[in-house]
Amino acid sequence: MDSFLPAVAAADAAPLASEQLRELYSLMAAVRYLDTSAVAWQRQGIIPGYAPELGQEAAQVGSAYAFDTAHDFAFPTYREMGVARTMGVDMVAYMSTHKATWHGGMYDPLASRLAPIQAVVAGSVLHAVGWAHGQTLSGEPGVALSYFGDGASSQGDVHEAMNFAAVMKAPVVFFIQNNGWAISVPTERQVAGGSVAARAAGYGIPGIQVDGNDVVAVYEATRDAFAHCRAGNGPVVVEAMTYRRGPHSTADDPGRYRSLDDERIDAGKDPLERLRERLLAVGAADDAFFAAAHQAARIEEEAIRTGIEALGPRPGTEMFDFVFQETTPALENQATRWREESEHV
Amino acid sequence: MSESTTATLETATRNEATTKTQSTRLSMQQALNRALDEILSADPRTVVFGEDCGQLGGVFRITDGLQAKHGESRVFDTPLAESGILGMSVGLAMAGFHPIPEVQFDGFAYPAINQIVCQIARMNYRSRGKLPMPITLRVPSFGGIRAPEHHGESLEALFAHVPGLKVVSPSDPHDAYHLLKYAASRPDPVIFMEPKSRYWQKGDVDTSDGGTLTGARIVRPGRHLTLVAWGAMVARCMQVAELAAEDGIDVEVLDLRWLKPIDAQALATSVGKTRRAVVVHEAPLTSGLGAEVAQLITQSCFDTLKAPVERVTGFDVPYPSGDLEDEYIPNIDRILLGIQRVLEYRRG
């Protein structure tokens, strides 16, 4: 099949082998299990809050599967657990943000090739452009993978980022997970025209909407986008149409803005179930494989939960230690006073 | 030896040095341009960019000739979008570059405030020190040039309030040259506030020796009262000091230079000696940096102060049109009156 990007050679677009399809399923199963478990952790008081990505496993795993950790860099918001897992990030360090250990997560962003977790959802889109332009300036082959959603697409920084990237031909894949909802506001009241990808035309760059619940379609679109960027053709917009099956966060109550019937109809078919059927149809997996994948997901979740439960609070000195590379006398004085006063209570 | 004493000696040394050799007569615009040229030559990871910074050389010509000399990949124009300029700086810093972006005028830092406050200021913290932000943000600042709205504002208190930012403002070409080179060599983000009304005044620049580049600097030693100022107000305070001298009032002028971190020791030493202080700034009065300066002085000098610290500042109004800006910016008379209030203060 031809790519939506004419510059992408057929050789770059080989279909996934059975082994890769099975790997995608294993990843999605691990992400699904960790995601639903994290909601339970919150209910059990293990973590104070979580932003589930239930239903977005294909969009997250499929896109991150196209990522090259040797060269590329990904820029998440706060709902990219499946991306982090697919990239091989230390998941205790990643989930620590939800334990309220450290805002950006405890993972090393440089070693992980994943920017710190970001709550200003369009803020990191411009960082991706700057990082990508740096690749151009250095003559390096890296591509920035920028994650954001339909809600973030309303922010001006997304326009500035797409325009800058197009003007500078920066190697950025703008990957939108359009999950239908920005907390309580549906896409039709968020995205004029109904498509973020359609905006690409205005910037003179390629854009495509893909079925975000089809992991293979997501992977192929992202892979082609990477190839297009890496060949020096500038940025690409990929909009994965998916559905946020869960609440915005563990503090949210979707019953106030959508009914269970709406959810059942709008969510469509479960992306894991779709991949399972595909694997069975092509004879790439059997029941034993699925059982093993789910068992592995349970074991992995248990290890991550154990790690999260073992995380104590960071030393209070770290409040002061990381403000600057070179601290100031005023900050040192405050740290000293904090230490003295906290020891006296 | 205290920083302030060092600063006093340094002033004397600098004045001597300028009569010898080493020094060049430059405007602040030329000094900044030379500093950027040398930074670009010395550090291949430095990139200079912003609106009209490339071909045009900047609306104030601070980047004049730099693109031609260092190439379009080192010095470049961006689209007209401040958030984009600063957001891009974050990504470049994450990739190991040392960005020196320009926001064309003070008031246009507001459209970039999310990227400055939520991103540049916090990335080192958020990443636990793994992603330093060695960004020097140049902002032509303050008023005095009869410019349109948003072209004459003083944002130092806003920036100084943000954890993770450092703020500096030079008052003369020598400091402009050295402080810019120093700021660009540091691993933390620095807001570099250039007093645009002083761009064209010339001064002696000793390129070989910048002296101490941290902390405040005594520009004029005196015994009776300390005038604390920064940016364009330093030159005005020097004029005030000369006039006051005619009346036998010996005014010390302290150029704060660093607005974060503030040199509390220099304030303590100077006002500990003079026992009276007036702080002068263009920014509005309420919650201005003058309040911080007054508190630091009160903390260190309460027992010996002869009067409350006086503030002579702009007003709590939007920066006015050019026709009214001389009414707004502290002028010589208002500063002299502030000095008079302090000198005439009687307890009880």
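Based on the Cβ-Cβ distance of B:Ala68 and B:Gln22, what FRET efficiency does E = 1/(1 + (r/R0)^6) give at R0 = 22 Å, to the nearest 0.05? Intermediate results must be reported in sequence, preceding the final value.
Working: r = 28 Å, r/R0 = 1.27.
The value I calculate is 0.20.
Nothing charged except the Cβ atoms of Lys and Arg (+1) and of Asp and Glu (-1): what's the magnitude of the dipole of the range B:18-206 about its Cα centre? Round to the nearest 20 debye. Provide the component values of the computation, followed by the final result.
Values: 19 positive and 20 negative charges, 107 e Å.
Dipole magnitude for the range B:18-206 comes out near 520 debye.
Report relative contact order for chain A in percent, whole number only (criteria: Cα-Cα under 8 Å, sequence separation at least 6).
Numbers: 590 pairs, mean separation 77.7, N = 345.
The value is 23 percent.
Could you give the dipole magnitude of the range B:256-295 about its Cα centre, charging the beta-carbon of Lys and Arg +1 and that of Asp and Glu -1, in debye to the nearest 20?
200
Taking the Cβ of B:Ala121 as the center, what net charge do the other residues with Cβ under 12 Å away carry, scoring Lys and Arg +1 and Asp and Glu -1?
Values: positive: B:Arg122, B:Arg126, B:Lys166, B:Lys260; negative: B:Asp188.
Every neighbour counted, the sum reads +3.
What list do you get for B:Leu324, B:Leu80 if you sort them by fewest beta carbons within 10 Å? Provide the component values of the computation, followed by the final result.
Working: B:Leu324 11, B:Leu80 14.
Going from least to most buried by this count: B:Leu324, B:Leu80.
Looking at the square roots a ≥ b ≥ c of the eigenvalues of the Cα gyration tensor of the range B:150-213, which shape do they give, rounded for a/c under 1.5, prolate if a/b is larger than b/c, or oblate? Before the final figure, lay out each step's value.
Details: a/c = 3.00, a/b = 1.25, b/c = 2.41.
Because a/c hits 1.5 or more and a/b fails to exceed b/c, the range B:150-213 counts as oblate.
Neighbour counts of other C-beta atoms within 10 Å: give me A:Thr306, B:Thr313 arranged from fewest to most.
Details: A:Thr306 10, B:Thr313 24.
Listing A:Thr306, B:Thr313 from fewest to most nearby Cβ atoms yields A:Thr306, B:Thr313.
Lysine pairs in the protein assembly as shown with Cα distance under 30 Å, only those 8 or more apart or on different chains: how many are there?
Final tally of qualifying lysine pairs is 26.
With each pseudo-label sitting 7 Å past Cα toward Cβ, what's the B:His161-B:Arg146 distance in nm, one decimal?
Inter-label distance under the simple model: 3.3 nm.
Please list, in chain and number order, the residues 5+ apart from B:Val47 or on another chain whose amide H is under 5 Å from its amide H, with Hs placed from the backbone.
Distant-sequence amide H within range of B:Val47: B:His98, B:Ile100.
Could you list the residues of the range B:148-177 with an amide nitrogen less than 18 Å from a label point located 7 Å from the Cα of B:Asp323 in the Cα-to-C-beta direction?
Hits in the range B:148-177 for B:Asp323 at 18 Å: B:148-150.
I'd like the distance separating the alpha-carbon centroids of the range B:69-119 and the range B:319-337, in whole Å.
The distance from the Cα centre of the range B:69-119 to that of the range B:319-337 comes to 32 Å.
Restricting to chain B, compute how many DSSP beta bridges are antiparallel as a %, nearest 5. Please report the intermediate quantities before stating the final value.
On the way: 10 of 40 bridges.
Given both bridge residues lie in chain B, the antiparallel proportion sits at roughly 25 percent.
What does the charge dipole of the range B:217-343 about its Cα centre add up to, to the nearest 20 debye, if the Cβ of each Lys and Arg holds +1 and the Cβ of each Asp and Glu holds -1?
Working: 13 positive and 17 negative charges, 124 e Å.
The dipole of the range B:217-343 has a size of about 600 debye.
Calculate the radius of gyration of the Cα atoms of the range B:18-206 to one decimal place, then report Dmax, the largest Cα-Cα distance, as a whole number, both in Å.
Spelled out, the Cα radius of gyration and Dmax of the range B:18-206 are 15.6, 49 Å.
Rounded to the nearest 5, what is the percent of antiparallel bridges among the DSSP beta bridges in the protein assembly as shown? Each step should come with its number before you reach the end.
Working: 12 of 63 bridges.
Here the antiparallel bridges make up roughly 20 percent for the protein assembly as shown.
Rounded if a/c is under 1.5, else prolate if a/b is larger than b/c, else oblate: which is chain A, with a ≥ b ≥ c the root eigenvalues of its Cα gyration tensor?
Values: a/c = 1.60, a/b = 1.22, b/c = 1.31.
Taking the square roots of the gyration eigenvalues as a ≥ b ≥ c, chain A is oblate.
Using the Cα gyration tensor of the range A:301-345, with a ≥ b ≥ c the square roots of its eigenvalues, what is the shape: rounded (a/c below 1.5), prolate (a/b larger than b/c) or oblate (neither)? Write out the running numbers ahead of the final one.
Numbers: a/c = 7.91, a/b = 1.96, b/c = 4.04.
Oblate is the answer for the range A:301-345, as a/c is 1.5 or above yet b/c matches or exceeds a/b.
In square nanometres and to one decimal, what's the mean projected area of the convex hull around the Cα atoms of the protein assembly as shown?
Details: hull surface 139.1 nm².
Its Cα hull, projected and averaged over all orientations, spans 34.8 nm².
Run the Debye formula on the Cα coordinates of the range B:249-345, all scatterers equal and no solvent, and tell me log10 I(q)/I(0) at q = 0.12, 0.19, 0.22, 0.25 1/Å.
Reported log10 I(q)/I(0), two decimals: -0.39, -0.93, -1.18, -1.41.
Only the coordinates and a few stated rules stand behind these numbers; no lab work does. On a predicted model such as this, the values are computed, not experimentally measured, just so you know. Positions of Cβ are generated from backbone atoms using ideal geometry, with glycine treated the same way; all protein chains shown enter the neighbour counts.
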